[in-house]
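The values are calculated or read from the model by the stated rules, or taken from the named source; none is laboratory data. Remember, predicted model here, so these are calculated numbers, not experimental data. Neighbour counts run over all protein chains shown; Cβ positions are idealised from the backbone, glycine included.
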Amino acid sequence: MDEIVVVNSSFIPKLEAHGIKREKIHYIPNFVSKKTFYPLDQEAKNREREKFGIPADKFVVLGVGQVQHRKGVLDFIEVAKALPDIEFVWAGGFSFGKITAGYEELKKIYDAPPENVKFIGIIGREEMNACFNMADVFFMPSYNELFPMAILEAMSSDTPVLLRDLDLYQEILTGYYDEASDNPGFIKKLSELKEDQFAYQSLVRKAQNGAAFYSEERLTKIWSDFYHQLVKE
């Protein structure tokens, strides 16, 4: 190739290590369109909760992704057990069926989760905006990711984000989310967000700032400038 575009700046040194010249590599991240992911009013949020049997007054934590160890599903469950007054919802299923690593263990939990946990299965993309909106917090305890679009989708829906402390996120999301490195840390953060409105609203604003940074408008301009520069050269 003459040029290469990466969606995460952390990939750049790895490509350089393979002998690709730095001047050929360009960082342009993914974006989320506000036409697809956007905040809903309280009435619409309540309707979505009602659909899944979740009381309107519950504090709701949402996890998204395939049900597999890498996504931190077991940690999601352990955190939920420690916070019985919070409703935990996981959107996603076994996309790879029985060949999923740890399938037997995870399927038992999926079929009989703790009382405050709901596995709602694989949700169509057109329904995910309402799903993000019904949550008070988007919680992703993954151990490994590339550039998870679900985080940007949550931010675009004005849903605050709690993540595992991964180097990847520091490269691309610093200032837009809260983090912890283990289950006690997650439990502490979620308890604070439920009880402390100042801390909660502060995290909402961070999510909104993240949505603006990864907006379609901003990234479209960056792509346009990139193409025009190539033509000019």
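Here's the yes/no breakdown for (1) at pLDDT below 95; (2) among the acidic types (Asp, Glu); (3) within 18 Å of the chain's Cα centre (by Cα); (4) more than 18 Å from Pro141 (Cα to Cα):
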{"position": "Val5", "(1), (2), (3), (4)": "no, no, no, yes"}
{"position": "Leu15", "(1), (2), (3), (4)": "no, no, no, yes"}
{"position": "Ile28", "(1), (2), (3), (4)": "yes, no, no, yes"}
{"position": "Tyr38", "(1), (2), (3), (4)": "no, no, yes, yes"}
{"position": "Phe76", "(1), (2), (3), (4)": "no, no, yes, no"}
Expected single match for part of a loop (DSSP other than H, G, I, E, B) and either farther than 23 Å from Phe186 by Cα or aliphatic (A, V, I, L, M) (or both) among Val67, Val89, Val79 is Val67
Ser215 over 19 Å from Val6 (Cα atoms) and among the small types (Gly, Ala, Ser) = no
Listed by range, helices (runs of 4 or more DSSP H) wholly within the range 114-233 having at least 2 residues that are within 14 Å of the chain's Cα centre (by Cα) and free of Cβ contacts under 8 Å to residues at least 40 places away in the same chain are 167-173
Taking first residues from the range 4-22 that are under 20 Å from Pro148 (Cα atoms) and second residues anywhere that are in a loop (DSSP other than H, G, I, E, B) and polar (S, T, N, Q), the pairs with Cβ under 6 Å that are 6 or more apart or on different chains are Val7/Asn30
- Some residue of the range 164-178 being surrounded by fewer than 16 Cβ atoms within 10 Å (Cβ to Cβ), among the acidic types (Asp, Glu), touching a strand residue (DSSP E or B) at 6+ places or on another chain (Cβ under 8 Å) and under 22 Å from Phe76 (Cβ atoms): yes
